[in-house]
Amino acid sequence: MHIRTGCFILALIFRKGKMIEICAIASGSNGNCYYVGNEMEAVLIDLGISTKQAVQRIAEKGLNLQKIKAVFVSHEHADHVRGVRVFSKRYSIPVYFTAQTYLKLSRRVQPNSPRFFKPGESVTIGSITVHSFLKNHDAVEPCSFRIELNNKHIGVFTDIGEPCENLQQHFTQCQAVFLETNYDEPMLLNGPYPYYLKQRVGSKNGHLSNVQALNLVQEQAGEELGLIFLSHISAENNTPELAMESFGLISDKYDVRLTSRHAPTDVVRID
């Protein structure tokens, strides 16, 4: 039985030692960063905003910077890596890449002491395990992540051209997801982008549309999925209202929330 919205909100009351905190620190083509942690450790998925912005937003939401033990980078595009070098150096926090992703970065972005994983590998940081998998996107070795902690699974699934078998398999296991709803198809078709860029966004190696994201939920959601953050919403080819409207058909079944390119979301605490 799916977790209904009301039940999920009640579950935000947590017992000591069994708490999970999740927050989109930033989500959009101007920068992406997602926080997932428990009472002991936390990880960031991507750091595509400046270190100053990231630290300010983490503090603004009452999250503990000292809990962050690692940053995992999904791919080399600037809106996912902009802050990793300074953040890693300033706070002595390791950054994990695939080898090809790291080599694709400019030297001014590369941290001095990177750590590496292979696509499909899992990395354990204390009580948190980060599961990686290859996805469809126009990058050298793009990965997405399912974060496992306290017997729960949080997915960070953005920058995906189309849902592959890897994504479907990991999606099914999640209780909460940051899910890309990048573009509205009519807005992209009639919008200001040049033709080649429209083709790129809508291709199998581009981004997920509102409709594609909704279909993924309807077809692949596991029985325990309760919370969906609509993420990486385009400023030119979508609106928050259209993204939410697309999920209206299932809003009684799930707690559907928006992320923002300008500010962090509220912190959701899951028991």
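So if I restrict to the alpha-carbon atoms in segment 69-121, what is the Rg, and what is Dmax, the biggest pairwise distance, in Å?
Taking only Cα atoms of segment 69-121, I get Rg and Dmax of 10.0, 29 Å.
Compare the Cα positions of Val73, Phe247, His232 along the charge dipole of the chain (+1 at Cβ of Lys, Arg; -1 at Cβ of Asp, Glu; about the Cα centre) and return the one farthest towards the positive end.
Val73
Beyond 25 Å, what share of the Cα-Cα pairs of the chain is found? Please give it as a whole percent. Numbers along the way, then the final one.
Details: 14572 of 36585 pairs.
Percent of Cα pairs beyond 25 Å in the chain: 40.
If N is the number of residues in segment 134-271, what value comes out of its Cα radius of gyration divided by 2.2 N^0.38 Å? Please list the in-between numbers first.
Working: Rg = 14.5 Å, N = 138, 2.2 N^0.38 = 14.3 Å.
Computed over Cα atoms of segment 134-271, the ratio equals 1.01.
Would you mind putting 203-210, 219-226 in packing order, based on average other-beta-carbon counts within 10 Å, highest first? Kindly include the intermediate steps, with their values, before the conclusion.
On the way: 203-210: 20.5, 219-226: 15.9.
Highest mean packing first, the order is 203-210, 219-226.
Under a 5 Å amide H to amide H cut-off, with H placed in plane at 1.01 Å, what residues pair with Cys164 once short-range neighbours are removed?
Counting only residues 5 or more places away or on other chains, the set is Asn136.
Report the label-to-label distance for Asn205 and Thr239 in nanometres (one decimal), using points 7 Å from each Cα along the Cα→Cβ vector.
Going from the Asn205 label point to the Thr239 one covers 3.3 nm.
Please give the peptides 125-132, 153-160, 69-76 ranked by average Cβ packing (other Cβ atoms within 10 Å per residue), highest first, as a rough proxy for protection. Write down the numbers at each step before the final one.
Values: 125-132: 18.2, 153-160: 26.8, 69-76: 23.5.
Descending packing order for the listed peptides: 153-160, 69-76, 125-132.
In terms of modelled amide H atoms, which long-range or inter-chain residues lie less than 5 Å from the amide H of Ala26?
Close amide H contacts, sequence-distant or interchain: Cys33.
For a Förster distance of 22 Å, can you work out the FRET efficiency between the beta-carbons of Val267 and Thr124, rounded to the nearest 0.05? Intermediate results must be reported in sequence, preceding the final value.
Working: r = 24 Å, r/R0 = 1.08.
The formula returns an efficiency of 0.40 here.
Send over a whole-number figure in Å² for the accessible area per residue of segment 133-234, probe 1.4 Å.
Details: 3810 Å² over 102 residues.
The answer is 37 Å² per residue.
Based on DSSP H runs of at least 4 residues, each adding -39500 (n - 2.57), what is the mean residue ellipticity at 222 nm of the chain after dividing by all its residues, to the nearest 500 deg cm²/dmol?
The helix contribution divided over the chain gives -7000 deg cm²/dmol.
Note down the magnitude of the dipole of the chain about its Cα centre, charges +1 on Lys and Arg C-beta and -1 on Asp and Glu C-beta and zero elsewhere, to the nearest 20 debye. List each step's numbers first, then the result.
Working: 28 positive and 27 negative charges, 258 e Å.
Taking the Cα centre of the chain as origin, the dipole is about 1240 debye.
Express the relative contact order of the chain as a whole percentage, based on alpha carbon pairs under 8 Å and six or more residues apart in sequence.
Result for the chain is 23 percent.
Could you derive backbone 3J(HN,Hα) for segment 252-260 from the dihedral phi with the Karplus parameters 6.51, -1.76 and 1.60 (θ = phi - 60°), listing whole Hz in sequence and x where the residue is Gly or Pro?
7, 9, 10, 8, 9, 10, 9, 9, 9
Compute, for segment 102-208, the length of the dipole vector about the Cα centre, with Cβ point charges of +1 (Lys, Arg) and -1 (Asp, Glu) only. Units Debye, rounded to 20.
Details: 11 positive and 10 negative charges, 94 e Å.
That gives a dipole near 460 debye.
Using +1 at the C-beta of Lys and Arg and -1 at the C-beta of Asp and Glu, which of Asn150, Ser113, Gly37 has the Cα lying farthest in the positive direction of the dipole of the chain?
My answer, from the dipole projection, is Ser113.
Could you check how much of the accessible area of the chain is carbon and sulfur, as a whole percent, using a 1.4 Å probe? Display every interim value, and only then the final one.
Numbers: 5900 of 11770 Å².
C and S atoms contribute 50 percent here.
The values are calculated or read from the model by the stated rules, or taken from the named source; none is laboratory data. Bear in mind that the values here come from a model prediction, so they are computed numbers and not experimental data. Here the Cβ is made from the backbone with ideal geometry for all residues, glycine too, and neighbour counts use every protein chain on show. What goes into the accessible areas is simple: the full protein's heavy atoms, side chains included, and nothing from ligands, DNA or RNA. Shrake-Rupley method; radii C 1.70, N 1.55, O 1.52, S 1.80 Å.
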